Amino acid sequence: MTEPEFQKNAAAIDVEDLHKYFGDNEVHKGIDFHVDYSEVVCVVGPSGSGKSTLLRCVNLLEAPTSGKIFVEGIEITDPDINVDKIRSKIGMVFQQFNLFPHLSVMRNLTIAQQRVKKRSRDEAVEVARRNLEKVGLEEKEDAFPAHLSGGQMQRVAIARALSMEPDMMLFDEPTSALDPELVGDVLQVMKNLAHEGMTMMVVTHEMGFAREVGDKLVFMDDGVILEQGDPDEVLANPQHERTQSFLSKVL
C-alpha cells in the first residue's frame with residue numbers, strides 16, 4: 001500500500017472527468033472540479049443532481065466508476081493508495097448527525113482521537129474542549145445526544161470533525177434536517193470556520209450562506225456542472241437556462 005506524500009503547492013481538491021454509475025444510472029457524466037486551499041465552494045442544484053454523491057466520492061465513501069480525484073496532489077483513486085491516511089485530512093459533516101447515542105458529547109469527540117490519532121485521554125479532552133468552545137457548546141460536554149436539539153447535535157458533529165484536525169471540511173446539506181430556527185447557529189459556526197481559512201466544500205440549499213461566505217458557487221443538474229463562478233455573479237446573472245429556472249424557485 002502506497003503511503004501518500006501530500007503536496008501543499010497542489011490544489012486542495014481536484015476532480016478530473018468523474019463518472020459514477022449506480023447500475024445503469026449514470027449519476028456523474030464527466031465532472032471536472034477544483035477547490036483551492038482556504039476556498040469555500042458551495043454546490044447547489046435540484047435533488048438527484050449528484051451533489052451529495054460528488055461529496056462522497058471526494059473522500060471515497062463512494063468509489064468513482066472512472067476518472068481521477070486528487071487531494072493535496074495525491075491521486076486518491078489510485079487503488080494502491082492508503083485511503084485512511086487520505087481521509088485523515090478530510091472532515092465530513094453529514095445531513096444526519098451520526099453521533100453515538102450511547103456516548104456523551106465528550107466521548108463522541110474523543111473516541112476517534114484516541115483510537116485513530118493515538119492521542120492520550122488528556123490530550124483528546126483538551127482538543128475536544130477547544131472545539132466545543134468553538135461551536136458554542138462547552139457546557140454540553142457531559143450531555144448525551146438525546147438531550148440536545150438538532151442544531152446542537154449538528155454543532156457537536158462539526159466539533160467532532162474538527163477534533164481530528166483536518167485540512168478541509170466537507171458539508172453535506174448540514175442544515176436540511178434542522179428546524180428553521182436552529183439553522184442560524186450552525187451556519188454561524190460554518191461562517192467562523194470560513195473566516196479562519198478552512199477549506200470547505202458545502203452542498204447546501206442556503207443561498208444566503210452561499211452568497212455571503214462562498215468564494216465559488218457551483219450549479220449541478222443531471223450529473224453535470226452547468227455553471228460555476230462568483231456567487232454574487234451566478235445568483236444575480238445566471239447564464240444557463242436551467243440555472244435560471246432553478247434559482248427562480250429558490251431565491
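The values are calculated or read from the model by the stated rules, or taken from the named source; none is laboratory data. Just so we're clear, the structure is a prediction, and the values are computed from it rather than from any experiment. Surface accessibility is based on the protein's heavy atoms, side chains included, excluding ligands, DNA and RNA. Shrake-Rupley method; radii C 1.70, N 1.55, O 1.52, S 1.80 Å.
With everything on Cα atoms, drop me the angle between helix 241-250 and the longest principal axis of the chain, reported from 0 to 90° to the nearest 10. That helix lies at roughly 40 degrees to the long axis. Angle of helix 180-195 to the longest C-alpha principal axis of the chain, folded into 0 to 90 degrees and rounded to 10: 90°. The Cα-based radius of gyration of the stretch 1-96, divided by its Kirkwood radius, gives an Rg/Rh of 0.95.
With helices as the sole contributors, the chain gives -10500 deg cm²/dmol at 222 nm; each DSSP H run of n ≥ 4 counts as -39500 (n - 2.57), and the sum is divided by every residue.
Remark: the stretch 160-165, residue by residue, has Karplus-estimated 3J(HN,Hα) of 5, 4, 5, 5, 8, 6 Hz, where x stands for each Gly or Pro and the curve is 6.51 cos²θ - 1.76 cosθ + 1.60 at θ = phi - 60°.
To the nearest ten degrees, helix 121-134 and the longest principal axis of the Cα atoms of the chain are 50 degrees apart.
Of the solvent-accessible surface of the chain, computed with a 1.4 Å probe over protein heavy atoms with every protein chain present, carbon and sulfur atoms account for 45 percent.
Note on the stretch 72-143: Lys pairs 8 or more places apart or on different chains, Cα atoms under 19 Å apart, count 4. Amide hydrogen proximity for Ile74: with H placed 1.01 Å from N in the peptide plane, the residues at 5 or more positions away or on another chain lying under 5 Å are Gln7. Please label the shape of the stretch 143-251 as rounded, prolate or oblate, based on the square roots a ≥ b ≥ c of the eigenvalues of the alpha-carbon gyration tensor (a/c under 1.5 means rounded; beyond that, a/b larger than b/c means prolate, else oblate). Prolate shape, in that a/c is at least 1.5 and a/b is the bigger ratio. Note on Arg155: accessible area is roughly 30 Å² with a 1.4 Å probe, heavy atoms of protein only. The convex hull drawn around the Cα atoms of the stretch 121-177, when projected onto a plane and averaged over every direction, covers 4.3 nm². Accessible area per residue for the chain is 46 Å², calculated with a 1.4 Å probe on protein heavy atoms, without ligands, DNA or RNA.
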